[in-house]
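Read the structure below first, then the notes.
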Amino acid sequence: MYCLLSLILYAIPFSIEWSSLPSGGIIAVECAGDVNSDGTEDVYAASNSYGIGCLDGISGDVLWWKSGIPKPYSTECFRTVGDIDLDGVADLAVGTGVEYAIIAISGATGDILWISKQNEIPLFIQKANGPEPGDVFVLASKVHPYDWCEFFALDGQSGYLAWSTSLISTLSFLMCVTENDVSGNGWSEMGYVIDRSTVMNGAACVRDGHTGVNIGGAGAWFYPSMDITDTPIPCLAVSNWGNDPVMWVEDIITGITVWSSNDPSLSFQVLKFIPNITGAATPYPEILSRQGVNIRLIRGDDGYFQDTYTFPASIKSVESYLDGSLWRAAVTTSTSLHCPLLTFESPSIEPSVQLPGSGGTDMCFLNSDLYPTPLIAISMGG
């Protein structure tokens, strides 16, 4: 059984606003924006069986539900991708392993806008936004036989292939992110890592989200992870295992290393740039690194770090948010939710709450005019 739970983040102890159990149960969630214009963002939800829906952020009531849409292959294949049909509501892209396809869905009605058939399972979906309304590319990855992986972009309005690139990789869990306009053409970019194990070294790469042109990147060793930012300058953060340096930040355009470290404790499965919590004295944004049950905050300009957050169970998702003048992280594990203050020294994982069932599988924030901090929507199994 899977259900969807919404809590207020600022309330201590946490306040459950509503819970919902639509037909088939919930395995993935995404913020939908304010679909019904009531001042609170709503939530897209994917069923464990066939079906995609939109739930009201205040009450959990179903705004629309389409039972015939295949479920996403994973939480990484369920993404809000912007207003591709220009009706004022953000739309969805779903990568399904049931029919090997990427499906664009209207956020306002749940109607299918287009279907792009694929010859392999889409593993990750993200988006690239352009300078004009409706300028959206759906970015995705898939793995072919014999370890060939493909990263590609679909035109958001038509679903037609815009560009693609194929590379060899021995791993199928290929991470891709897209957040910032590094090239300066008005489009956000795609960042991804590949691991080629004993074949050759891996790599972290950045490509223009609109053209697919390689902008920059760095070589890596085993199990690399990465993220990109364009503030104050376009930078790439990379972590890997088995070689020096273990972690570094690099100027994407020039390739100049901002800092690097050989400390083996800085090998992390996920890297994520977050807003600069230390202020103007350190112009680069901080990096939130996580692996297993651990999270570490790392200063972006010099690699400074202190203590590690250790959680009671495997971490499923992490987001940062502003609570008054203080930055917190919202962390879901397989058993609990935590909203600790972001700090380098003596971090605490409190406040926290035990989740009902077997815990969270996915999480998203919902901003609301009714509350000073976001709501958090959590899909839970068990």
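Across region 151-284, Cα pairs under 8 Å and at least six residues apart give a relative contact order of 16 percent.
The residues packed around Thr278, meaning those with a beta-carbon under 14 Å from its beta-carbon, carry a net charge of -3 if Lys and Arg are +1 and Asp and Glu are -1.
Annotation: lysines with alpha-carbon distance below 20 angstrom to Lys142 (same-chain offsets under eight excluded): Lys71, Lys117, Lys127. Based on C-alpha pairs under 8 angstrom that are at least 6 apart in sequence, the chain has a relative contact order of 12 percent. Sparsely packed loop sites in region 215-281 (the chymotrypsin sites (Phe, Trp or Tyr not before Pro) outside DSSP H, G, I, E and B with at most 16 other Cβ atoms within 10 Å) do not occur. Taking other residues whose beta carbon is less than 13 angstrom from the beta carbon of Glu120, and scoring Lys, Arg as +1 and Asp, Glu as -1, yields -1.
Other residues with beta-carbon under 11 Å from the beta-carbon of Gly60 carry, at +1 per Lys or Arg and -1 per Asp or Glu, a net charge of -4.
Between region 257-305 and region 318-382, the C-alpha centres lie 20 angstrom from each other. Annotation for region 304-376: chymotrypsin sites (Phe, Trp or Tyr not before Pro) lying in DSSP loop with at most 15 further Cβ atoms inside 10 Å of their Cβ are Tyr304.
With the cut-off at under 11 Å, measuring from each backbone N in region 16-55 to a point 7 Å along the Cα-to-Cβ line of Ser67 picks out 23-24, 50-51. With Cα atoms defining each centre, region 59-114 and region 144-164 are spaced 18 Å apart in the structure.
Rule-based calculations on the coordinates, nothing more; no lab input. Computed from a predicted structure; not experimentally measured. We place every Cβ from the backbone using ideal geometry, glycine too, and count neighbours over all the protein chains shown.
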